[in-house]
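Here's the structure, in structure tokens; my notes come after.
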Amino acid sequence: MTESLRRESARWSLDSPAGRPGALAIFSILGEVDAAIARMGLRPVAVGAVTLRRIPGIDEVLIARWSVGSASFMPHGGIASIQAMADALEAAGVQRDTTPRPGESYPEARNEIEAQMLESLVHAASPAAVDLLLDQPRRWALAAATADPTRDRILRRLLIPPLVVAIGPANIGKSTLCNALAAQMVSGVSEEPGTTRDAVGVLLDLHGVVVKYLDTPGIRVSASVDERQAIDLALSYADHADLLLLCGDPTAPPPEPQEILPGIARRLDSGAVSILRICLRADRGEPMFEPDLSVSVHRGVGVDSLAARIRQTLVPDEMIRHPGPWRFWSTEQDA
């Protein structure tokens, strides 16, 4: 493969709102992620890793590697930093995703809605999106068809994986839970506190809804400097979560969200983020708090129920079963 072809094999898009400064901006990189990272002069980032890299002209950027062909780059959310990140990606041959209008790509489509549907089917992250997308041309053809913005926003999680962040004290089984949900070893497990020094990110299919799941280092007073930095990074990422799993066990309650994420109240009020309180290692006794769900990975109890609850919280069944149309496409005005 020539260098020119290779340079076209990765593309970027801005997932956070354009033109609106925030704590972090989120760039999605799809395609040849390893090659893109190498061309930027950065050390490799393994699949599942969430780490800091220093990029000249941008300072430190948080990188989450979700899969071989998917990563998130998160610089500071200032407008200048966003532009610098875009420039750095372009300089490395990572092109902005400028997919042609669906009507141009799918001339066989009978109308714009059908073309948009065909385009979305190609890129939809979740299996649960397929039947719903296929029925949209019929629904929009009905008289007086109107969409519900709240439902539109929630169902969009079927197209772009929502972010789930698990937070809690050290040594309560968060990494064990992550491995159980993934049905494979993706996060280090030990009886020693502080085993998970860095956040671990993985894509999970939870009952037909694909999510980005972030397992974070345990919060503890005696954390080392490196641990504290890793915890702070994870918490900065949690500011963008669609769902927070506040985890505890029978001996250690989960943290209060306002204590670890000062700006969370506004997002809770707006419905931008949901919270589930989870009791892990439930086989060890009664918890000191009121959990939404109890799980014992050791006994095989509650893992599938938690997967279903996460899915139901992010994309409720009634939203999928609703007979109304879904405005599943995005426009420049959505940015």
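Taking only C-alpha pairs under 8 Å that are 6+ residues apart, what is the relative contact order of the chain in percent?
On the way: 626 pairs, mean separation 51.0, N = 335.
RCO, the chain: 15 percent.
If you count, for each residue, the other Cβ atoms within 10 Å and average over each peptide, how do 158-169, 44-55 line up from highest to lowest? Kindly include the intermediate steps, with their values, before the conclusion.
Numbers: 158-169: 23.1, 44-55: 16.0.
Descending packing order for the listed peptides: 158-169, 44-55.
Let a ≥ b ≥ c be the square roots of the eigenvalues of the Cα gyration tensor of the chain; is it rounded (a/c under 1.5), or, if not, prolate (a/b larger than b/c) or oblate? Could you put the intermediate results ahead of the total?
Working: a/c = 1.90, a/b = 1.24, b/c = 1.54.
Cα axes put the chain in the oblate bin.
What are the residues whose amide H is under 5 Å from the amide H of L206, where those residues sit 5 or more places off or on another chain and H is modelled from the backbone?
Amide H neighbours of L206, under 5 Å, 5+ apart: V211.
For q values of 0.20, 0.21, 0.25 Å⁻¹, compute log₁₀ I(q)/I(0) with the Debye formula on a Cα-only model of the range 3-96, without solvent.
Listed by q, the Debye log ratios stand at -0.90, -1.00, -1.42.
Show the residues, 5+ positions off or on another chain, whose built amide H is closer than 5 Å to the amide H of I275.
Those qualifying (amide H under 5 Å, at least 5 residues apart or on another chain) are L244.
Tell me what the chain gives for mean residue ellipticity at 222 nm when only DSSP H runs of n ≥ 4 count, each as -39,500 (n - 2.57), the sum divided by the residue total, rounded to 500 deg cm²/dmol. Intermediate values should be presented prior to the final figure.
Values: 14 runs with 111 residues, N = 335.
That comes out to -9000 deg cm²/dmol.
Just flag the GluC sites (Glu not before Pro) in the range 71-144 sitting in loop per DSSP whose Cβ has no more than 16 other Cβ atoms within 10 Å. Kindly include the intermediate steps, with their values, before the conclusion.
On the way: sites: E90, E104, E108, E112, E114, E119; in loops: E108.
When the GluC sites (Glu not before Pro) of the range 71-144 are filtered for loop state and at most 16 Cβ neighbours within 10 Å, E108 remain.
Taken together, the values in this text are just the output of simple stated rules run on the coordinates, not laboratory data. Predicted model, so just to flag it, every value in this text is computed and none were measured. Counting neighbours? That spans all protein chains shown, and the Cβs are built from the backbone with ideal geometry, glycine included.
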